[in-house]
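Colleague: Below: one structure in structure tokens.
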Amino acid sequence: MAILTGVGLATFAKGKKGTPYVYGAKGADGKLTQTRVNLLAKAYPNIFTTTYLNKIKKKALVGKTCCDCSGLISWYTGKPLGSSQLYANAYARLPISHWKNFAVGTVLWKQGHVGVYLGDGLVAEERGINYGCIISKIGDVKWKYGLTFTWINYDIQTPVKTEEITYKGSNPYKEPTAILRKG
């Protein structure tokens, strides 16, 4: 298995700019099928409303490789974790006020959403069905933490003070037990 790095994650995420967003889609799954859309709609009826399904149809997303915000990260890492599981599995949670000291590839987190810090105040994120994967400024979203993981190697230039960091305790979230796969 290849060594995962923060720079590798950032480069990967930046290269996915323009990838369409569909909630629950994981880019590594390949092209979105109608069967997959039907499974996601059944699993997430509050998200896959008639309006949402019409956007998928209007944008002709079936047949395209699509992704959601956590899927962008799992596409690179091979770890199928949602935003809550990423938060729970983070080795260190860095306060967003120290973003200027974040290593490239730090995962930015707020409840229900994640992105990848690219450096220089820029973020790669799958913003939603109306946007897809975009490059935004760190101040465009009210991020709460930068997350780092033991399974990613980071090039840390200026460490955040240890007393400012929250380290991983016990995981209150279950690991995924079932992953929706193509039909």
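Colleague: Return a yes/no flag: does the range 37-52 have any residue that is in contact with a helix residue (DSSP H, G or I) (Cβ under 9 Å, 6 or more places away or on another chain), of a type in the set (D, E, K, R), more than 20 Å from I138 (Cβ to Cβ) and part of a helix (DSSP H, G or I).
Modeller: no
Colleague: Also: Looking only at residues in the range 142-152 that are surrounded by 15 or more Cβ atoms within 10 Å (Cβ to Cβ) and over 14 Å from the mean Cα position of the chain (by Cα), which one is farthest from R127 (Cα to Cα)?
Modeller: Narrowing the range 142-152 to residues surrounded by 15 or more Cβ atoms within 10 Å (Cβ to Cβ): 143-149, 152.
Still in the list and also over 14 Å from the mean Cα position of the chain (by Cα): 144, 152.
Values: K144: 16, I152: 23 Å.
Residue satisfying both the conditions and the ranking: I152.
Colleague: Here's another thing I want to ask about it. Assuming E126 fulfils every condition listed in (1) closer than 20 Å to G30 by Cα; (2) out of contact with any Phe, Trp or Tyr (no Cβ under 6 Å at 6 or more places or on another chain) apart from one, which condition is it?
Modeller: Of the numbered conditions (1) closer than 20 Å to G30 by Cα; (2) out of contact with any Phe, Trp or Tyr (no Cβ under 6 Å at 6 or more places or on another chain), the odd one out for E126 is (2).
Colleague: Select from the range 12-38 the residues that are without any contact (Cβ under 8 Å) to a residue 40 or more places away in the chain and touching a Lys or Arg at 6+ places or on another chain (Cβ under 7 Å) and write down the one among them that is farthest from T65 (Cα to Cα). Walk me through it before giving the result.
Modeller: Kept after step one, since they are without any contact (Cβ under 8 Å) to a residue 40 or more places away in the chain, are these residues of the range 12-38: 15, 31-32, 34, 37-38.
Then keep just the ones that are touching a Lys or Arg at 6+ places or on another chain (Cβ under 7 Å); that gives 31-32.
Details: K31: 4, L32: 6 Å.
Top of the filtered list is L32.
Colleague: Could you tell me whether the range 108-122 includes any residue that is open to solvent by 50 Å² or more (accessible area, probe 1.4 Å), more than 30 Å from K161 (Cβ to Cβ) and of a type in the set (K, R)?
Modeller: no
The rows are residues; the columns are (1) open to solvent by 30 Å² or more (accessible area, probe 1.4 Å); (2) outside any loop (DSSP other than H, G, I, E, B); (3) out of contact with any strand residue (DSSP E or B) (no Cβ under 8 Å at 6 or more places or on another chain).
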residue: T11; (1), (2), (3): yes, yes, yes
residue: K14; (1), (2), (3): yes, yes, no
residue: A28; (1), (2), (3): yes, yes, yes
residue: I56; (1), (2), (3): no, yes, yes
residue: W75; (1), (2), (3): yes, yes, no
residue: H98; (1), (2), (3): yes, yes, no
residue: A103; (1), (2), (3): no, no, no
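Colleague: (1) farther than 26 Å from Q157 by Cα; (2) part of a helix (DSSP H, G or I); (3) among the aliphatic types (A, V, I, L, M): which one isn't true of I129, the others all being true?
Modeller: (2)
The values are calculated or read from the model by the stated rules, or taken from the named source; none is laboratory data. In this text the structure is predicted, and so the values were computed from the model without any measurement. Every residue, glycine among them, receives a Cβ derived from its backbone with ideal geometry; neighbour counts consider all protein chains shown. These area figures cover heavy atoms from the full protein model, side chains too; ligands, DNA and RNA do not enter into them. Shrake-Rupley method; radii C 1.70, N 1.55, O 1.52, S 1.80 Å.
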